[in-house]
Amino acid sequence: MYAQMIKSTGEGVKSLDEMDPQERAFQERINAGGKIEPKDWMPDGYRKNLIRQIGQHAHSEIVGQLPEGNWITRAPTLERKAILLAKVQDEAGHGLYLYCAAETLGVTRDQLTRDLLSGKMKYSSIFNYPTLTWADMGAVGWLVDGAAIMNQVPLQRTSYGPYARAMVRICKEESFHQRQGYDIMMKMAQGTDAQRKMAQDALNRFWGPALMMFGPSDENSVHSAQSMAWKIKMNSNDELRQKFVDECVPQAEYLGLTVPDPDLKWNEERGHYDFTQPDWDEFFDVLKGNGPCNTERLAARNKAWDDGAWVRDGLMAHAAKKRAAKLAAE
Amino acid sequence: MTHPTKEWPLFEVFIRGQHGLSHRHVGSLHAANAEMAIKSARDVYTRRNEGVSIWVVLASDIAASSPEEKGSLYEPANDKVYRHPTFFDIPDEVGAM
């Protein structure tokens with residue numbers, strides 16, 4: 001998802017009987033629906049996994065501002081511009097909520113930032129695709145935020161308290177994002193021929209990458225089993241992807257657009273749509289850094305960090321000076 | 001670089017909502033000082049009318065109970081059930097009390 005391909009550290013899920021009393025108490029608390037809080041004891045693997053997962057999620061929110069930021073200056077109306085600006089500002093907020101949650105696990109913000117900028121930590125593959133037309137703003141809100149919601153809603157019940165609370169805030173705001181995207185799609189789909197074509201083209205380009213957001217099939221993955229036992233992953237990737245497809249198809253039909261999948265078909269027996277898997281070779285290639293925009297995205301984040309250094313230092317110096325002046329006056 | 005970048009300190013943020021409830025912890029953020037923390041808290045935590053008052057406090061200034069104390073701190077409350085009004089049976093004839 002926004003945190004794809006997170007591999008847990010353990011070799012498999014231990015049964016309660018195999019755990020020492022401390023770990024057993026921890027697991028039983030999770031099984032009973034209890035929350036783990038920052039100062040509570042937790043297994044190392046749980047802590048490490050969460051830092052990676054929440055960190056990757058936070059990085060995705062921050063890098064996710066770039067493809068949309070690309071269109072702020074070129075939005076077709078002042079209202080659309082204000083809305084897009086508010087949406088991108090929300091993404092910055094979401095990144096901050098998540099960084100805060102990660103920091104409660106003992107990692108510093110600077111460390112997380114360094115790991116993003118050096119490429120050590122990842123962000124979602126979806127943000128390595130370019131946004132070529134205004135219709136892409138529609139497709140991103142509708143499909144990308146739509147896919148994110150699929151994953152984030154269940155995470156409101158995740159076992160780690162600060163992460164769950166961040167998710168509650170994020171989910172409250174995310175629905176605005178999806179609806180503003182669909183609203184753009186509706187306008188485009190009801191517009192001129194050229195606009196309709198643009199909307200269809202955006203759907204064509206974002207459909208596959210949106211399906212990839214859920215990550216590859218993890219039905220038999222040991223890592224997923226551990227994350228699910230810890231309740232830091234609530235559903236399997238395939239389960240969420242299916243749910244996403246089932247919701248999107250009628251939404252695309254309403255728009256009068258065609259989902260770019262010739263084998264997409266309602267399966268009466270399963271009660272779900274059958275659909276074609278996205279190109280997983282492409283997915284792994286993008287994760288490796290070979291997507292159309294990987295270099296550009298990381299360069300933009302590094303530039304922002306470097307260009308902002310004098311502001312960060314200056315404000316610290318100013319704060320220290322004011323503190324000293326106040327002390328002197330007392 | 002002559003000034004190695006130091007991380008801004010962490011502030012915890014508390015917001016009082018519109019309806020007369022107490023300030024409630026909503027999250028944290030980094031800022032150079034309290035003044036800036038309040039400004040940033042406004043942007044990060046009250047974009048949708050969530051509050052009418054903001055408190056910020058340096059995270060390092062918060063003293064907290066530890067999870068290990070849970071037993072000694074909270075268990076004594078369990079054997080004092082008479083502190084709850086439902087402990088006492090008041091006859092119906094008495095009316096609402």
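Computed from the coordinates by the stated procedures, all read-outs in this text should not be read as laboratory data. None of the values given here were measured: they were computed from a predicted structure. In this analysis, Cβ positions are derived from the backbone assuming ideal geometry, glycine residues included, and neighbour counts consider all displayed protein chains.
Miscellaneous remarks
- Pairwise centroid distance, computed over Cα atoms, of the range A:237-312 with the range B:63-97, Å: 52 Å
- Cross-link table A:LYS322/B:LYS39; A:LYS122/A:LYS197; A:LYS35/A:LYS243; A:LYS122/A:LYS233; A:LYS35/B:LYS39, entries beyond 22 Å C-alpha to C-alpha: A:LYS122/A:LYS197; A:LYS35/A:LYS243; A:LYS35/B:LYS39
- For the range A:132-210, applying the loop criterion from DSSP together with a ceiling of 16 other beta carbons within 10 Å to the trypsin sites (Lys or Arg not before Pro) yields A:ARG157.
- Separation in nanometres of the label points that stand 7 Å from Cα toward Cβ, at A:LYS265 and A:ASN220: 2.6 nm
- Straight-distance crosslink candidates among aspartates and glutamates, where the alpha carbon sits under 13 Å from A:LYS321 and sequence neighbours closer than 8 are dropped: A:ASP313
- Helix-only [θ]222 nm of chain B, DSSP H runs n ≥ 4, -39500 (n - 2.57) each, per residue, nearest 500: -5000 deg cm²/dmol
- Sequence-separation-based contact order of the range A:1-153, relative, with Cα cut under 8 Å and 6+ spacing, percent: 31 percent
- Shielding by other protein chains, B:22-33, mean Cβ within 10 Å: 5
- Relative contact order of the range B:10-94, taken over Cα pairs closer than 8 Å and 6 or more residues apart, is 29 percent.
- Counting 0.36 nm for each residue step from A:THR295 to A:ALA82 and taking away their Cα separation leaves a gain of 73.8 nm.
- Per residue, the convex hull around the alpha carbon atoms of the range B:10-94 comes to 145 Å³.
- Among A:PHE26, A:MET228, A:THR276 the positive-end extreme of the charge dipole of the range A:16-291 (Cβ point charges): A:PHE26
- By the helix-only formula, in which each DSSP H run with n ≥ 4 contributes -39500 (n - 2.57) and the sum is divided by residues, chain A has a 222 nm mean residue ellipticity of -20000 deg cm²/dmol.
- Taken along the Cα-to-beta-carbon direction at a fixed 7 Å, the label points for B:VAL94 and B:TYR74 span 3.1 nm.
- Summary value for the range A:16-291: 19 percent relative contact order, contacts being C-alpha pairs under 8 angstrom separated by 6+ residues.
- Shown is the FRET efficiency for B:ALA34 and A:ALA325, computed with R0 = 22 Å from the Cβ-Cβ distance and rounded to the nearest 0.05: 0.90.
- The loop-placed chymotrypsin sites (Phe, Trp or Tyr not before Pro) in the range B:2-97, going by DSSP, that have at most 14 neighbouring Cβ atoms within 10 Å of their Cβ come out as B:PHE88.
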